[in-house]
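Colleague: One structure, pasted below without further comment.
The values are calculated or read from the model by the stated rules, or taken from the named source; none is laboratory data. From a predicted model like this one, the values you see are computed outputs, not experimental measurements. Here the Cβ is made from the backbone with ideal geometry for all residues, glycine too, and neighbour counts use every protein chain on show.
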Amino acid sequence: MILLFGFGGVGRTYAELLYERTGLRLCAVFDSGGGVAKKDGFASDEVKQLLKIPRGAAAKSGVGRAATLDEALDICQVVVDVSPPNYETAEPALSLYRRALSRGLAVVTANKAPLALAFRELAHRRLYYKATVMAGTPLVDLLMGLPPQKALRVRGILNGSTNYVMTRVYKDGVPFEKAVEEAKELGILEPDPRLDLEGLDPAAKLVIIANTLGAPFALRDVVRRPLAPLGPVTRYLATLDLEAGRASVEPVRLAPDDPIHVDYTMNAVEIVTEVNNILVKGKGAGRRETALVLLNDTLKALRG
């Protein structure tokens with residue numbers, strides 16, 4: 001049984017895929033207005049009804065019964081979090097994780113904020129977070145598979161939104177301000193564009209990468225500079241030097257033939273280890289891509 005915390009675009013896509021591809025059920029759905037629960041899980045037609053409600057209206061949907069999070073935690077096995085990130089306090093997700101993990105439940109998340117602010121506290125064998133970084137590409141699995149191979153440096157284009165903006169500027173000749181407005185209109189930028197344009201999103205991802213590799217970085221440890229066009233070819237680069245203990249997100253001019261170079265919403269990460277130089281390119285986000293990774297982690301959590 002699964003508690004779904006967040007019922008926006010990704011959450012709804014996850015619910016659809018869960019019922020299309022598995023025999024699992026949601027036992028609770030929560031959004032910004034509260035939640036509903038059903039002890040034996042929602043039937044397929046009930047989920048279809050939930051998918052039709054406006055955002056923030058789960059508690060008033062008439063499906064199941066209105067419930068508190070504590071009531072829902074009593075009947076679920078896995079908490080799946082697709083709520084918006086809060087980089088100030090990570091709430092309400094952080095408190096939910098603490099309660100769920102203390103009860104021995106599994107947490108599957110696409111929300112970067114709790115891990116960016118409290119990774120070391122939350123590090124737990126029942127925490128699954130592949131969807132937080134390059135959701136469409138299995139980067140976290142790769143990072144977890146490196147030890148005992150020692151990683152030395154990581155650099156990456158981790159934010160598809162700002163990469164789209166910079167591609168429009170330097171490949172398509174669109175003025176920077178117009179490219180930003182275009183990204184807003186297309187829904188590529190976060191609802192609060194500062195999360196992308198001021199580097200909070202890629203910084204959070206960099207913290208998750210660092211901690212996955214065993215380096216205890218927190219969000220406050222990442223030096224951030226806002227996105228700005230510096231000349232061809234500017235990219236918003238996240239850099240982690242594990243030997244020097246430094247991390248940064250800043251606009252950097254890359255050579256056109258730099259192997260990390262990718263266009264539009266694609267992501268790329270280069271990992272330099274003591275014996276290898278690994279380059280990974282692929283989709284970083286997208287509703288369906290993220291939902292599929294969350295589903296993969298859900299299945300793993302239930303097996304584990």
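Colleague: Quick one: V272 ticks every box in (1) of a type in the set (V, I, T); (2) under 30 Å from L18 (Cβ atoms); (3) surrounded by fewer than 19 Cβ atoms within 10 Å (Cβ to Cβ); (4) touching a Lys or Arg at 6+ places or on another chain (Cβ under 8 Å) except a single one, so which number is it?
Modeller: If we test V272 against (1) of a type in the set (V, I, T); (2) under 30 Å from L18 (Cβ atoms); (3) surrounded by fewer than 19 Cβ atoms within 10 Å (Cβ to Cβ); (4) touching a Lys or Arg at 6+ places or on another chain (Cβ under 8 Å), just (2) comes out false.
Colleague: Go through region 1-44 and report how many residues are of a type in the set (K, R), over 14 Å from A110 (Cα atoms) and buried (at least 17 other Cβ atoms within 10 Å of the Cβ).
Modeller: Final tally of qualifying residues: 2.
Colleague: Could you say which residue among A238, A204, A244, A255 is more than 17 Å from R120 (Cα to Cα), crowded, with 18+ Cβ neighbours inside 10 Å and either without any contact (Cβ under 8 Å) to a residue 40 or more places away in the chain or out of contact with any Cys (no Cβ under 8 Å at 6 or more places or on another chain) (or both)? Give the steps one after another, and end with the answer.
Modeller: Details: A204 fails: more than 17 Å from R120 (Cα to Cα); A244 fails: crowded, with 18+ Cβ neighbours inside 10 Å; A255 fails: crowded, with 18+ Cβ neighbours inside 10 Å.
Residue meeting the stated conditions: A238.
Colleague: Name the one entry in G245, G199 that is over 26 Å from T13 (Cβ atoms), under 15 Å from the mean Cα position of the chain (by Cα) and of a type outside the set (V, I, T).
Modeller: On the way: G245 fails: under 15 Å from the mean Cα position of the chain (by Cα).
Testing whether each residue is over 26 Å from T13 (Cβ atoms), under 15 Å from the mean Cα position of the chain (by Cα) and of a type outside the set (V, I, T) leaves just G199.
Colleague: Suppose we filter R125, R103, R155 for residues that are within 21 Å of the chain's Cα centre (by Cα) and outside the structural domain of V207 (by TED's automatic domain parsing); which single one remains?
Modeller: Unique residue meeting the criteria: R125.
Colleague: Answer with yes or no whether E91 is closer than 25 Å to V133 by Cβ, acidic (D, E) and under 18 Å from the mean Cα position of the chain (by Cα).
Modeller: yes
Colleague: In the set P232, P226, which member is modelled with pLDDT of 95 or more, within 21 Å of R168 (Cα to Cα) and surrounded by fewer than 18 Cβ atoms within 10 Å (Cβ to Cβ)?
Modeller: So the residue among P232, P226 that is modelled with pLDDT of 95 or more, within 21 Å of R168 (Cα to Cα) and surrounded by fewer than 18 Cβ atoms within 10 Å (Cβ to Cβ) is P226.
Colleague: While we're looking at this one, here's another question. Taking only region 81-107 into account, find how many residues are in contact with a Leu (Cβ under 6 Å, 6 or more places away or on another chain) and among the β-branched types (V, I, T).
Modeller: 1
Colleague: Quick one: which strands (runs of 3 or more DSSP E) lie wholly within region 27-112 and hold at least 2 residues that are closer than 30 Å to L206 by Cα and of a type outside the set (S, T, N, Q)?
Modeller: Here the list reads 78-81, 106-109.
Colleague: Got a sec? Which of L143, L115 is buried (at least 20 other Cβ atoms within 10 Å of the Cβ), within 19 Å of T212 (Cα to Cα) and either polar (S, T, N, Q) or in contact with a Phe, Trp or Tyr (Cβ under 7 Å, 6 or more places away or on another chain) (or both)?
Modeller: Of L143, L115, the one residue that is buried (at least 20 other Cβ atoms within 10 Å of the Cβ), within 19 Å of T212 (Cα to Cα) and either polar (S, T, N, Q) or in contact with a Phe, Trp or Tyr (Cβ under 7 Å, 6 or more places away or on another chain) (or both) is L115.
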